[in-house]
Amino acid sequence: EQMKRILEKAGEISSRLEDSTVDDRENYTPGWKFNEWELKGVPLRIEIGPKEIEENYVTLVRRDNQKRITVAQSKVEEKVKEILQKIQRNLLENARDFLEKNTRETESYEEFKEILEKKGGFIKAPWCGKTSCEEKIKNETTAKITNIPFKYNEPQEKNCIKCGEKAKYWVNFAKSY
């Protein structure tokens, strides 16, 4: 009887949200289900149990920081939207911070190889734009171009770190495994 009420309430709340599902499988523990959905990348989990139904709230759990937030059932839609926006901003900020802290810049191929061996991470370097140069770098170091940044990408009077020809782009390299 209690489980039926929980599933009914979960279904009602789920129907008010854009992209959600109710995990009503009885042959798995809640912990197992939480872990499975986290591995699938679900950014926000909504927990509903007997106490939540009795007191008319739900518990939201953020995947990015594991914070638990108690929300009135009547406010679920607006709070979910707000939290998803915060999660998106947080993930973007963390990714930018990680990239900034782990990117080094060089114009020397010898230094490029040394950075790869000793520090790893990303290396911003001038590149001529030729696939053949990228292939040589990849074959010699296992590093490949991960992206060509949009901003400030005119390496004026710089030369490609591999062939020495005039560079067309600043690119980010990283080891590929």
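Centre-to-centre separation between the Cα atoms of the stretch 150-176 and those of the stretch 93-130: 11 Å. Charge dipole (Cα centre; +1 on Lys/Arg Cβ, -1 on Asp/Glu Cβ; no other charges) of the stretch 2-99 amounts to roughly 200 debye.
Hey, what did the stretch 135-177 get for relative contact order, percent, Cα under 8 Å, at least 6 apart? About 47 percent, as a whole number.
Put simply, the amide H of E105, placed in the peptide plane, has neighbours under 5 Å in K124, leaving out anything fewer than 5 places away on its chain.
In straight-distance terms, cross-link reach from K118 covers every one of the lysines whose alpha-carbon lies under 20 Å from its own, apart from those fewer than eight places away in the same chain; here that gives K101, K138, K144, K162, K175. In order along the stretch 52-57, the Karplus-derived 3J(HN,Hα) couplings, from 6.51 cos²θ - 1.76 cosθ + 1.60 at θ = phi - 60°, round to 5, 5, 4, 9, 6, 9 Hz, and Gly and Pro are given as x. Checking the Cα-Cα distances for K130/K158; K119/K151; K67/K124 against a 27 Å cut-off, the pairs over it are K67/K124.
Quick note: the coordinates plus some simple rules give every number you see, no bench work behind them. As the structure is a prediction and not an experimental result, all values here were calculated from the model. Glycine also receives a Cβ, built like all others from the backbone with ideal geometry; neighbour counts cover every protein chain displayed.
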